[in-house]
Amino acid sequence: MSVENAPVVDVDEAAIPVEKKMYYRFESNDKKEFRVSELAIQQSETLNRLVEAMGYTSEDVENKPAIAIENIDGKTLKLVFQWCEHHKGEAIPVDDGSVPKIVEIPEFDAKLMDIDNGLLFKLIWAADYLNIVQLLNVSCKKVANMAQGKTPAQLRRVYLLPSDEEDEAAKRAAQEAQDPRAREVEEEFEERKRQGGNSFF
Amino acid sequence: MSFPLLRCPYLVGSQILKNMSHQELFLFSLSCKRAKKAIKMYLPKRYLSAELQTKDYGTVVTHHATEKRDFRIQSACAGISSIPCLIGDTYAEVYLINDLSLIDIDWKSNKKVALKSFVSHISICWNSPRISIKMDEEKPSGYFLDLMKHLKLNAITVDSVDFAENVRWDLGVHFLQCKSVKLIFNWYYHQKFKFELANFLKMLINYSENKLKVIRILECKITTEEITDRLDKKGIVHEKVGSKLELQRCDGKKVLIGLVDQVLEVKVV
């Protein structure tokens, strides 16, 4: 029976053992430790499967080392777990295929994501890695909202897209870096063409 | 404030683009070649649906959900500054109106070029969307032929076509490429209609690769007897099942023809 459904009776709480909520310990790649409730962890499919597979007891959680999350830093992980704790117990949404997607950003999430875009990128990356569906939905919605009211040139700046000219120049530079002789051959070819030769050889 | 969209993992990029509206995706695709590639990579094919409406010189694409007009092609946009963009093969002036809820596109070229450019561009910017067509023109045939040609060239399938006016039946071969067609009976050519309907039914039962599921002809002033008479003359085997005529198609499917309240419905089941 869940805690919520348990009958409410007046008892001396000190007299009987109360089932403790389990808090798992996680460690970020910069060695910051976080304690996260079992219910909050359910928001992340990756972490939920991990703790299920580990089968930790309350003692294990306290005695064994914290579960390391190697590729997420403490600042990002703090945001992720804040989000999970706030939304614990909520149903995980299923993609209904609506076009465009209908996603509302709740006030708490909007405040949580009021961060610089570098950290937002890390947060989205973490939500994808940890498979937190709703966090991914709202964070992607926030990024999509950046397109609102923008012209094509502004969109290029917002999403850091190279212009066609920059893209071409970068491609040429990459080709030359790979094969320094390529440019020389191209110049030689152009020179011969100017001289009226039909064939390069 | 910038966000490195192209560095995002596949699922993230896909989610971001799926959260953009038709207009935002359209403008995004105009920003550069990389954006077009991103749409092709991140958005599944035929993810979006659009309705192409044609009336006079304006072709309008609307949202199915909101019925909001999103795009107008070759409409007058005096007094608003425009953005020159390469759409399809040609340059066009793009006007953003009312906080982008409406986008006007002026190609400064003829209607055929505009149509070709627009169709080729929407196939890129919405990754081969599902299209439904509403032909509001007085003489839709020529325009419809051009539209179908460009849609086919860009591998865009048509869900439905709705003709508001009479239409020539020699377009029947194109109807077979649409899932559903609605049109109004052309009473000027009563005799010809019966003849062409029989020809059309012959095509429908002989070619199993067509996509047509249903065709409805409104204000149809012919009788079931006239249809059976034409079918007999054409040598098309048919059977009367209840109030409907049943034809056998070459792939084993059935074609049902029903005429109720001057609405002729031909259905593939």
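The values are calculated or read from the model by the stated rules, or taken from the named source; none is laboratory data. Bear in mind that the values here come from a model prediction, so they are computed numbers and not experimental data. Heads up, the Cβs are rebuilt from the backbone with ideal geometry, glycines too, and the neighbour counts pull from every protein chain shown. In case anyone asks, the SASA skips ligands and DNA or RNA and just uses the protein heavy atoms, side chains included. Shrake-Rupley method; radii C 1.70, N 1.55, O 1.52, S 1.80 Å.
Residues B:Arg7, B:Arg230, ordered by accessible area of protein heavy atoms at a 1.4 angstrom probe radius and largest first, appear as B:Arg7, B:Arg230.
Springs between alpha-carbon pairs under 10 angstrom, Gaussian network model over chain A: which of A:Ser139, A:Ser44, A:Ser58 fluctuates most? Answer for the Gaussian network model of chain A: A:Ser58.
Convex hull volume of the Cα atoms of region A:44-201, normalised per residue: 239 Å³. The slack in the chain from B:Arg168 to B:Lys234, taken as 0.36 nm per residue of separation less the alpha-carbon distance, amounts to 21.7 nm.
Spread over its residues, the convex hull of the C-alpha atoms of region A:112-201 is 171 Å³ per residue.
Could you work out the Rg to Rh ratio of region B:168-269, with Rh taken as the Kirkwood radius (inverse of the mean 1/r over all Cα pairs)? All intermediate terms of the calculation are to be shown ahead of the outcome.
Numbers: Rg = 12.3 Å, Rh = 13.5 Å.
My calculation puts Rg/Rh at 0.91.
Contact order for chain B, expressed relative to its length and based on alpha carbon pairs under 8 Å spaced 6+ residues apart, stands at 12 percent. Computed with a 1.4 Å probe over protein heavy atoms only, the accessible area of A:Glu59 comes to about 120 Å².
Over the protein assembly as shown, the reciprocal of the mean inverse Cα-Cα separation, the Kirkwood hydrodynamic radius, stands at 27.5 Å.
The largest accessible area among B:Thr90, B:Thr223 belongs to the first residue in B:Thr223, B:Thr90, and the rest follow in falling order (1.4 Å probe, all chains). For chain B, modelled as a Gaussian network with Cα springs under 10 Å, which listed residue fluctuates most, B:Gln15, B:Gln177, B:Gln248? Checking each option, the largest mean-square fluctuation is seen for B:Gln15. Between A:Ala66 and A:Tyr23, residue separation times 0.36 nm minus the direct Cα-Cα distance comes to 14.4 nm. Ranking A:Arg157, B:Arg34 by solvent-accessible area of protein heavy atoms (1.4 Å probe, all protein chains present), from largest to smallest, gives A:Arg157, B:Arg34.
How many percent of Cα pairs in region A:36-123 exceed 17 Å?
Numbers: 2301 of 3828 pairs.
When every Cα pair of region A:36-123 is considered, 60 percent fall beyond 17 Å.
Three principal axis extents describe the C-alpha atoms of chain B; from largest down they are 71, 42, 29 Å.
The accessible area of A:Glu187, taken with all protein chains in place and a 1.4 Å probe, comes to roughly 100 Å². Excluding ligands, DNA and RNA and using a 1.4 Å probe, chains B and A jointly bury around 3200 Å² of accessible surface, summed across both partners.
For chain A, which whole percent of the accessible surface, found with a 1.4 angstrom probe, sits on carbon and sulfur atoms?
Working: 6550 of 12980 Å².
After summing per-atom areas, the C and S share lands at 50 percent.
Keeping all protein chains in place, calculate the accessible area per residue for the protein assembly as shown (probe 1.4 angstrom), answer in Å².
Details: 25490 Å² over 470 residues.
Here the residues of the protein assembly as shown average 54 Å² of exposed surface.
The C-alpha atoms of chain B define a longest principal axis, and helix B:111-125 lies at about 70 degrees to it.
Spin-label pair A:Glu184-B:Tyr91: with each label point 7 Å from Cα along the Cα-Cβ axis, the two points sit 4.0 nm from one another.
To the nearest 10, the accessible area of B:Arg72 is 70 Å² with a 1.4 Å probe.
From the alpha carbon centroid of region A:33-75 to that of region A:137-176 is 37 Å. In whole angstrom, how far apart do the alpha carbon centroids of region B:229-257 and region A:101-123 sit? Measuring centre to centre over Cα atoms gives 60 Å.
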